[in-house]
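Notes to accompany the following structure.
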Amino acid sequence: MDIRPLRRHRDYRLLFAAQFVSFLGSMVTYVALPYQVYALTHSSLAVGLLGLAELLPLLLTAFLGGALADAVDRRRMVLVTDVGLAMGSGLLALNALRPSPPAWPLYVAAALMSGLSGLQRPSLEALTPRLVDRDELPAAAALSTFRGSVGMIAGPAVGGALIAASGVFSAFALDVLTYVFSFLAVRLIRAVPPAAAEPPSLARILEGFRYARSRQELIGTYVVDFVAMVFGMPLALFPALSETLGGAKALGPLYAAPAVGALAASLTSRWTPRVHRHGLAVMVAAAAWGIAIIAFGLCDGLVAALVFLALAGGADCVSGIFRATLWNQTIPDDLRGRMAGIEMVSYMSGPLLGHVESGAVAALFGVRASVVSGGVLCVLGVLACGAMLPLFVAYDARPASAPPAPG
């Protein structure tokens, strides 16, 4: 793996450390929150409805967060939202201390933290291209997937151990501490003023939409990932699946398996700069994800299930590397925040809607039917996107094919 950005840039190292630690805590909560909902309700649909509670605030704040990222100091945006996210995890911890905790505060906290993530993530995503050189952007994308993969492996493992040892309170409390670390690390980064001084407005948000609409290759990255996540994301079913695959001890490995595959893909990602057909690479990887999810849904044993989940995670990692490289190499800096807001809606609303979809289908037709049908629809949806977006499939990153900057 190419680690030049970490070796060369102090501020990127600080940002990487902050995101690494805070994402680890977020993954602990990512396991503890649905676990507590399922423990209180014994309903996969109730777990899936967490996705709906998180989706609505995200849609309200992501575009505003993108406009703010292009108008104010991105570092300051991250600091302010870190404080709010720590408060959300604190609310979850306090609720867990109650003798008979109700379920509704879990949905409130999930909605609050999703809305704050909508404000924060565009600034985080738009920071990286300002902190590294252009030729290091593929390496930074691979490092980002590596960081996420490690967090998705270690987070569920730590979360499961904490829940088993002392309950969900300790998991939520650890998340609070990780946001404190993130806040302190980001404070050490030098200020990152916006490329343009215009204040955020509806006109600026609409300008971002017009630019995205003019770039079919950007639309393709958003839509393909959205389709794959809506239909091929079975995470809301893991608590129910764990009951047939070994009990509670299987829950952590199920959550961690996709990240194991993603980690392997990121550690062997040095080949990715030699691929220039980024759109086609995203399509192939997304289809591979769907095929692996179909195979996962047909598994009766834990080992085979984990293998196919790992293959799915590796495919998702490859897709993420090429999507991020395409974005960071072709989007002008004064539009990066707003494009990151649009990307965030597709990237995060897809899995959240996927939780609702998989939970609803499981309630009607059973867990296995939900997983397999979702994988099939994922593959068909990706193929349909390729047919409708020929410029996305044909996109070539070499200079002769690169799109011009907007006039």
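The values are calculated or read from the model by the stated rules, or taken from the named source; none is laboratory data. Just so we're clear, the structure is a prediction, and the values are computed from it rather than from any experiment. Cβ sites come from the backbone with ideal geometry, for glycine too, and all protein chains shown count toward neighbours. Accessible surface is based on the protein model in full, side chains and every heavy atom, while ligands, DNA and RNA are left aside. Shrake-Rupley method; radii C 1.70, N 1.55, O 1.52, S 1.80 Å.
List the residue pairs whose Cβ atoms are under 8 Å apart, where the first residue sits in the range 1-25 and is more than 23 Å from residue 169 (Cα to Cα), the second is of a type in the set (Asp, Glu) and part of a helix (DSSP H, G or I), and the two are 6 or more positions apart or on different chains.
Going by the 8 Å Cβ cut-off, the qualifying pairs are 2/136; 4/136; 5/136; 8/136.
Any idea which of (1) of a type in the set (Phe, Trp, Tyr); (2) open to solvent by 20 Å² or more (accessible area, probe 1.4 Å); (3) closer than 18 Å to residue 44 by Cα is the one residue 238 doesn't satisfy?
(2)
Which one is most open to solvent (accessible area, probe 1.4 Å), of the residues in the range 194-205 that are assigned to a helix (DSSP H, G or I) and of a type in the set (A, V, I, L, M)?
The initial filter retains those residues of the range 194-205 that are assigned to a helix (DSSP H, G or I), namely 202-205.
Remaining after also requiring of a type in the set (A, V, I, L, M): 202-203, 205.
Numbers: 202: 120, 203: 67, 205: 34 Å².
This residue is 202.
Quick one: residue 274 ticks every box in (1) modelled with pLDDT under 85; (2) open to solvent by 30 Å² or more (accessible area, probe 1.4 Å); (3) under 18 Å from the mean Cα position of the chain (by Cα) except a single one, so which number is it?
Evaluating residue 274 over (1) modelled with pLDDT under 85; (2) open to solvent by 30 Å² or more (accessible area, probe 1.4 Å); (3) under 18 Å from the mean Cα position of the chain (by Cα) leaves (3) as the failure.
So which residues in the range 358-383 are under 23 Å from residue 281 (Cβ atoms) and open to solvent by 40 Å² or more (accessible area, probe 1.4 Å), if there are any at all? Break it down into steps so the answer makes sense when it comes.
So in the range 358-383, the residues under 23 Å from residue 281 (Cβ atoms) come out as 374-383.
Within the range 358-383, 376, 377, 380, 383 meet the criteria.
Taking into account only those residues within the range 206-218 that are under 22 Å from the mean Cα position of the chain (by Cα) and under 18 Å from residue 337 (Cβ atoms), which is surrounded by the fewest Cβ atoms within 10 Å (Cβ to Cβ)?
209
Got a sec? Which helices (runs of 4 or more DSSP H) wholly within the range 74-193 have at least 1 residues that are open to solvent by 30 Å² or more (accessible area, probe 1.4 Å) and within 26 Å of residue 261 (Cα to Cα)? Outline the logic, then answer.
Values: elements: 74-96, 104-131, 137-166, 168-187.
Once the helices (runs of 4 or more DSSP H) in the range 74-193 are filtered for at least 1 residues that are open to solvent by 30 Å² or more (accessible area, probe 1.4 Å) and within 26 Å of residue 261 (Cα to Cα), what remains is 104-131, 137-166, 168-187.
Could you tell me whether the range 3-12 includes any residue that is among the aliphatic types (A, V, I, L, M) and crowded, with 24+ Cβ neighbours inside 10 Å? Outline the logic, then answer.
Taking the range 3-12 and keeping what is among the aliphatic types (A, V, I, L, M), we get 3, 6.
Remaining after also requiring crowded, with 24+ Cβ neighbours inside 10 Å: none.
No - not one qualifying residue is present in the range 3-12.
Would you check if there is a residue in the range 309-324 being open to solvent by 30 Å² or more (accessible area, probe 1.4 Å), in a helix (DSSP H, G or I) and more than 30 Å from residue 65 (Cα to Cα)?
yes
Return the total of residues in the range 219-235 being modelled with pLDDT under 85 and surrounded by fewer than 24 Cβ atoms within 10 Å (Cβ to Cβ).
1
If we scan the range 329-343, do we find a residue that is modelled with pLDDT of 80 or more, buried (at least 22 other Cβ atoms within 10 Å of the Cβ) and not in a helix (DSSP H, G or I)?
yes
Which numbered condition trips up residue 285, out of (1) open to solvent by less than 30 Å² (accessible area, probe 1.4 Å); (2) touching a residue at least 40 places away in the same chain (Cβ under 8 Å); (3) farther than 24 Å from residue 39 by Cα?
All conditions pass for residue 285, except number (2).
Which residues, taken from the range 114-140, are within 17 Å of the chain's Cα centre (by Cα) and under 21 Å from residue 1 (Cα atoms)?
In the first step, residues of the range 114-140 are kept if they are within 17 Å of the chain's Cα centre (by Cα); the result is 114-128, 140.
125, 128, 140, listed by residue number.
Can you tell which of 32, 71 is open to solvent by less than 20 Å² (accessible area, probe 1.4 Å) and either closer than 30 Å to residue 200 by Cβ or assigned to a loop (DSSP other than H, G, I, E, B) (or both)? Quick ask: steps written out before the conclusion?
Values: 32 fails: either closer than 30 Å to residue 200 by Cβ or assigned to a loop (DSSP other than H, G, I, E, B) (or both).
When all the criteria are applied, what remains is 71.
I'd like the full set of residues that are among the hydroxyl-bearing types (Ser, Thr, Tyr), within 25 Å of residue 373 (Cβ to Cβ) and not in a helix (DSSP H, G or I), limited to the range 228-279. Give the steps one after another, and end with the answer.
At the first step, the residues of the range 228-279 found to be among the hydroxyl-bearing types (Ser, Thr, Tyr) are 242, 244, 255, 266, 268-269, 272.
If we keep only those that are within 25 Å of residue 373 (Cβ to Cβ) as well, we get 242, 244, 255.
Across the range 228-279, the qualifying residue is only 244.
Within the range 388-398, count every residue that is surrounded by fewer than 15 Cβ atoms within 10 Å (Cβ to Cβ) and in contact with a helix residue (DSSP H, G or I) (Cβ under 9 Å, 6 or more places away or on another chain). Outline the logic, then answer.
Applying the first criterion (surrounded by fewer than 15 Cβ atoms within 10 Å (Cβ to Cβ)) to the range 388-398 yields 388, 390-391, 394, 396, 398.
Still in the list and also in contact with a helix residue (DSSP H, G or I) (Cβ under 9 Å, 6 or more places away or on another chain): 388, 390-391, 394, 396.
Within the range 388-398, residues that are surrounded by fewer than 15 Cβ atoms within 10 Å (Cβ to Cβ) and in contact with a helix residue (DSSP H, G or I) (Cβ under 9 Å, 6 or more places away or on another chain) number 5.
Is there a residue being at pLDDT 85 or above, open to solvent by 10 Å² or more (accessible area, probe 1.4 Å) and over 24 Å from residue 235 (Cα atoms) anywhere in the range 37-50?
Scanning the range 37-50 turns up no residue that is at pLDDT 85 or above, open to solvent by 10 Å² or more (accessible area, probe 1.4 Å) and over 24 Å from residue 235 (Cα atoms).
Residue-by-condition table, conditions (1) in contact (Cβ under 8 Å) with a residue 12 or more places away in the chain; (2) over 15 Å from residue 225 (Cα atoms):
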residue: 295; (1), (2): yes, yes
residue: 328; (1), (2): yes, yes
residue: 353; (1), (2): yes, no
residue: 357; (1), (2): yes, yes
residue: 363; (1), (2): yes, yes
residue: 366; (1), (2): no, yes
residue: 370; (1), (2): yes, yes
